[in-house]
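Reading through the structure tokens given below for one structure.
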Amino acid sequence: MLALAGKYKDANRSKTYLFESRSLYTDAFEHRGARNLLFACCLNTCLQVIKSENKEFVESGASNVTDSDKKIRNVLAVIKFKYYIMAIIAESLHQLVNTLLNPKRISFMPVYAKAADHNYSNLVSSLKPIVKLMLPIIVNELGDDFYSKYNDSTTVVSIANKVETSLNSLRAISPDVQANLNGIASLVCNG
């Protein structure tokens, strides 16, 4: 929840600290409900699934493994970067989806969060296409010195701006990208 609010460094702290610090607790839970928590958990799981699939693919030694695939594996292997990536994804969604007024309040639409045929794994799977579109752009923007970007909190917004620009450019020429962006727009809201 803290990562979606842009507090990715605090999200890496001890989980008990969240309940000891009034300001962190407020940032994490104020004006948020079950659908916000569900979205954050699904995004976290989605990144874990992609990390596992990417690691398996890169380590398979397939001839079509790219440098980008290797870099994604390296970035996702560093545990504290998961929350940083989540913060960038939340900010990117905020910029891409007109109805998302606040990245810290992103949630699933009630119709999806409560539907009987939308179990947890279906919700995780519904996030996968957009996350897979964003990851190569994010990793490319991080460059080789991604620790310095991590330490500069302004990079969340600047990288999200680049993600938004890249995906809007791709939207114009790719029906698949357009479909993914339309899909995520119909899936999320500020709840």
Point to revise | Dipole magnitude of the chain about its Cα centre (Cβ charges: Lys, Arg +1; Asp, Glu -1), debye to nearest 20 | key: 440 debye
Review point. Which of these, Ala87, Ala160, Ala62, has the largest mean-square fluctuation under a Gaussian network model of the chain (Cα springs below 10 Å)?
Key: Ala62
**Study point:** Amide N proximity, segment 127-163 versus Val65 label position 7 Å along Cα-to-Cβ, cut-off under 19 Å
**Key:** 136, 139-140
Check your understanding: When we measure straight from the Cα of Lys9, which lysines land under 16 angstrom away, once same-chain ones fewer than 8 places off are left out?
Key -> Lys80, Lys82, Lys104, Lys149
**Study point:** Set of segment 65-93 residues, backbone N closer than 13 Å to the point 7 Å along the Cα-Cβ line of Asp145
**Key:** none
Review point. Around Val188, which amide H atoms from residues at least 5 apart in sequence, or from another chain, sit under 5 Å from its own amide H, with H modelled in the peptide plane?
Key: Met109
Exercise for review: For Val157 and Ser125, compute 0.36 nm times the residue count separating them, minus their Cα-Cα distance, and round to one decimal in nm.
Suggested key: 9.0 nm
Check your understanding: Can you pull out the trypsin sites (Lys or Arg not before Pro) in segment 56-137 that DSSP calls coil and that have at most 16 other Cβ atoms within 10 Å?
Key -> Lys80, Lys114
Point to revise | Inter-site label distance for Asn98 and His118 at 7 Å from Cα along Cβ, in nm | key: 2.1 nm
**Study point:** Per residue, in Å², the accessible surface of the chain once ligands and nucleic acids are set aside, probe 1.4 Å
**Key:** 50 Å²
Study note, to complete from the structure: Quick calc, segment 94-187, dipole around Cα centre from Cβ unit charges on Lys, Arg (+) and Asp, Glu (-), nearest 20 debye, gives 320 debye
Study note, to complete from the structure: Simple spin-label estimate for Asn182/Leu170, 7 Å along Cα→Cβ, in nm, reads 1.7 nm
Study note, to complete from the structure: Most fluctuating of Ser107, Ser21, Ser125 in the GNM of the chain (C-alpha, under 10 Å) is Ser21
Practice item. Please compute P(r) over all alpha-carbon pairs of the chain, binned at 5 Å starting from zero, and give each bin as a whole-number percent. Key: 1, 8, 16, 20, 21, 17, 11, 4, 1, 0, 0
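The values are calculated or read from the model by the stated rules, or taken from the named source; none is laboratory data. Since we're looking at a predicted model, the values are computed, not measured. In this analysis, Cβ positions are derived from the backbone assuming ideal geometry, glycine residues included, and neighbour counts consider all displayed protein chains. Protein only, heavy atoms only, side chains kept; ligands, DNA and RNA dropped before computing areas. Shrake-Rupley method; radii C 1.70, N 1.55, O 1.52, S 1.80 Å.
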